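What follows draws every value from the coordinates through simple rules; no lab data is involved. The structure presented is a predicted model; accordingly, all values stated were derived computationally and were not measured. Please note: Cβ atoms are built from the backbone with ideal geometry, for glycine as well, and neighbour counts cover all protein chains shown.
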Ligand SMILES: [Zn+2]
């Protein structure tokens, strides 16, 4: 029987912490990263607004500057619309930047629809950062490194598949590194980036033990996790 983590999952080292509200395949993922006094959102799936309100409250939500999206599947971006709308209703003033892999059309589409619906009534600036490289960059003293992963989806025939733009990220703060793989099959990049990290958050979303190019099997995810100082398996089918 597959083991599943009960949510939320929390990791904390000094001023650096992460809370995984949930990560359930085809339902929702939602993650909050805290570095010092700054909060970042990672993969705002459905329910993120409810979870953020409970966790940090409106004032802190309005201060959030950055959202990191691993890929555009609904269980990773389903909360973006409600989040953008909530920030407008609550009169956010500071800018918001959304980082996502180039080619992830979902984020651009949600943004365009949001702009179209609310046009001149949006109180804050939204910056879309399409990542098309794997260079590291810094946000609020956190070093962020995106890395490409292998993640595919079925076409309408349910047989053929295609690669979706998908990234994992490492977040390094005060010498501590968290590696979040997003949704990924077993691939070189997740192996390299998870190795020696202080925390690896690894999906084990494959529903049997035959490797494919969509998700990792439990055995694959564990083998990578054991190269990190600590790991959590997430996105495990229920
Ligand atoms: Zn996915």
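The GNM of the chain, with springs linking C-alpha atoms under 10 angstrom apart, assigns the highest mean-square fluctuation among 75, 15, 66 to 15. Spatial offset of region 52-106 relative to region 197-216 amounts to 25 Å, using the alpha carbon center of each. Two numbers describe the Cα atoms of region 51-185: Rg and Dmax, which are 15.9, 48 Å. Hey, what angle do you get for helix 105-118 against the long axis of the chain, alpha-carbon based, 0 to 90 degrees rounded to 10? Taking Cα atoms only, the helix is inclined about 20 degrees. When 90, 216 are sorted by how many other C-beta atoms sit within 10 angstrom of their C-beta, beginning with the fewest, the order is 90, 216.
Radius of gyration over Kirkwood radius for the chain, both on Cα atoms: the Rg/Rh ratio is 0.95.
For the chain, the share of DSSP beta bridges that are antiparallel, to the nearest 5, is 65%. Report, in degrees rounded to the nearest 10, the 0 to 90 angle that the Cα long axis of helix 80-89 makes with the longest principal axis of the chain. The two axes meet at around 20 degrees.
Rounded to the nearest 500, the helix-only mean residue ellipticity at 222 nm of the chain stands at -6500 deg cm²/dmol, with each DSSP H run of n ≥ 4 adding -39,500 (n - 2.57).
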